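Below is one structure; the comments refer to it alone.
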């Protein structure tokens, strides 16, 4: 059957998008992994269908005609929402996650925001495929990394006080090691969070305590860092804390989004700088005046002391003269 009746209003370039969406849907149904790019491609295909068939009933017929049927309206809405994201690497919407849960699919890849049904014991976790990391190993690496960070805290403080090329080289090596450890910790935390997302209240907290992760500060930043480390590049100085790196990234992005200053802004900045310089100069003059006042006050105190001493000596001399007997001259 030709595509012409249902795809008459779809251009050739959009038809390629539809074909990619059709293949993506086939891959999603056949796979046990979370495939972000395939969901993204399916969402883009749905956007083409929405433009070609604005009516909801006709749109569902269009999806079935193009090999993308069998999806609930709620899941379709989630897929279209995901297609509006900046990239296929963002977290999947809840509607897509529920699609996985309804089918009780056991994830074997490192998930990004995908909830598991409950806190599955380690022995019951699905085995990894040839190109998939084992979740038990991911958690174990995170535990070892957190233990190493706590053990190296004293050494890091000692290295920060050193100077010279060798000390800097040791600091660089330790920084690189710390970033690797935090990345492994974040990956383990993400696994634990998703393992317990569908369980009872407090399941994640109990999991953290059982695995020794309950004393990690700002765990959300550690998870963020593990997902963003590859795109960050070099971090400034000896910065290794995920929370500090996250704040630095947000500040950098905010500076990039800031509009370029206009001529008026430049003139205002120049005026503000002139006022600041004048304020600094005025402060310097006030400090000099205060110093001069202190010198004058000190000199006045010394003068008053000298005058009191001189008056005391004069009084003593006068008293002595009065007390001496007058000699009678024959």
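Derivation of every value follows stated rules applied to the coordinates shown; laboratory data play no part. Just so it is clear, the model here is predicted, and its values are computed rather than measured. Positions of Cβ are generated from backbone atoms using ideal geometry, with glycine treated the same way; all protein chains shown enter the neighbour counts.
A simple spin-label model places the labels of residue 170 and residue 296 5.8 nm from each other, with each point 7 Å out along Cα-to-Cβ.
Scattering from the C-alpha atoms of region 172-286 alone, worked out with Debye: what is log10 I(q)/I(0) at q = 0.15, 0.20 1/Å? So the normalised log intensities work out to -0.78, -1.05.
Extension gain, residue 270-residue 143: 0.36 nm per intervening residue step, less the Cα-Cα distance, totals 40.4 nm. Placing pseudo-labels 7 Å out from each Cα toward the beta carbon at residue 58 and residue 244 gives an inter-label distance of 6.0 nm.
Distance between the 7 Å Cα→Cβ label points at residue 284 and residue 251: 2.9 nm. Suppose R0 equals 56 Å. What FRET efficiency, 1/(1 + (r/R0)^6) with r the Cβ-Cβ distance, do residue 260 and residue 136 give to the nearest 0.05? With a Förster radius of 56 Å, E is 0.60.
Note on region 259-322: Rg/Rh from Cα positions, Kirkwood definition for Rh, rounded to two decimals, is 1.65. The packing ranking of peptides 55-61, 184-190, highest mean first, is 184-190, 55-61, where packing means the average number of other beta carbon atoms within 10 angstrom of each residue.
Highest-first packing order for the peptide set 235-244, 208-217 is 235-244, 208-217, based on the mean count of other beta carbon atoms within 10 Å. Footprinting exposure proxy ranking of 249, 191, 266, fewest other C-beta atoms within 10 angstrom first, gives 266, 249, 191.
For region 2-82, the mean projected area of the C-alpha convex hull, equal to one quarter of the hull surface, is 5.0 nm².
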